Amino acid sequence: MVQIHISDPKHTRSVGIITSLSGLLLIIAPQFIGSLVVGLLGVGLITLGVLGLFISLSLFRGISRGFSVIPILTGIILLIFPGIASIVIGLGLIASGAYQVSKRQSTGPAYQNRHLIIAAILIISGIYALLRPMQSLGLLVLILGIALFVLGIYMIIQKPKKESHSTISKEEMIRRASSAKDITKE
């Protein structure tokens, strides 16, 4: 199988601009965006459940209606108690941190400290989300915003790779493809 990686700096910069602007929006209004996302998730789950219930009642009479009721109840709970989302996120962060600790043992010495730092950040963030669900939602959105902003800036300022579609000739691509085919035939 031949893989030719073609990157266009214009697209990378465009995605970088969109990513950094999204991160900036999350930095400016983290509490509002967090509440908005949880509210939209709750409404979306209720809508999904109602549609599933309607379909199971009208079209497919043999399908269990329980799978339609679960999203409706989850959506209502998220709308009434938005802190539940932070608790679920907190448990996920703690589990992810525990996974990083276990992964640390299977990596080389160069990566062990990095995995330990990431694990500590994830576990501390998860504990904070469990202890202060309403406040942590805004903080988690703020952290996500900072990460997106930095990633977007990195994508904007990174230099294009030396080999792109504009510098690889057609003959060079054919030569690479034929050499790859020769390797796979052996």
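Quick notes on this structure:
- Residue check for Leu91: at pLDDT 85 or above and within 14 Å of Gly34 (Cα to Cα): no
- On the stretch given as region 77-87, residues that are assigned to a helix (DSSP H, G or I), out of contact with any Ser or Thr (no Cβ under 6 Å at 6 or more places or on another chain) and surrounded by 15 or more Cβ atoms within 10 Å (Cβ to Cβ) total 6.
- Residue in region 130-140 that is surrounded by the most Cβ atoms within 10 Å (Cβ to Cβ), counting only those that are at pLDDT 85 or above and of a type outside the set (Lys, Arg): Leu130
- Of the set (1) at pLDDT 85 or above; (2) closer than 30 Å to Ile143 by Cβ, all apply to Ile72 but (2).
- Residues that are surrounded by 14 or more Cβ atoms within 10 Å (Cβ to Cβ) and over 24 Å from Val37 (Cβ atoms) within region 119-129 comprise just one, Ala119.
Yes/no matrix, rows are residues, columns are (1) polar (S, T, N, Q); (2) under 30 Å from Ile156 (Cβ atoms); (3) surrounded by 14 or more Cβ atoms within 10 Å (Cβ to Cβ); (4) at pLDDT 80 or above:
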| site | (1), (2), (3), (4) |
| --- | --- |
| Arg13 | no, yes, yes, yes |
| Leu24 | no, yes, yes, yes |
| Gln31 | yes, yes, yes, yes |
| Gly34 | no, yes, yes, yes |
| Ile55 | no, no, no, no |
| Gly66 | no, no, no, no |
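The values are calculated or read from the model by the stated rules, or taken from the named source; none is laboratory data. All values derive from a computational prediction rather than experimental measurement. Every residue, glycine among them, receives a Cβ derived from its backbone with ideal geometry; neighbour counts consider all protein chains shown.
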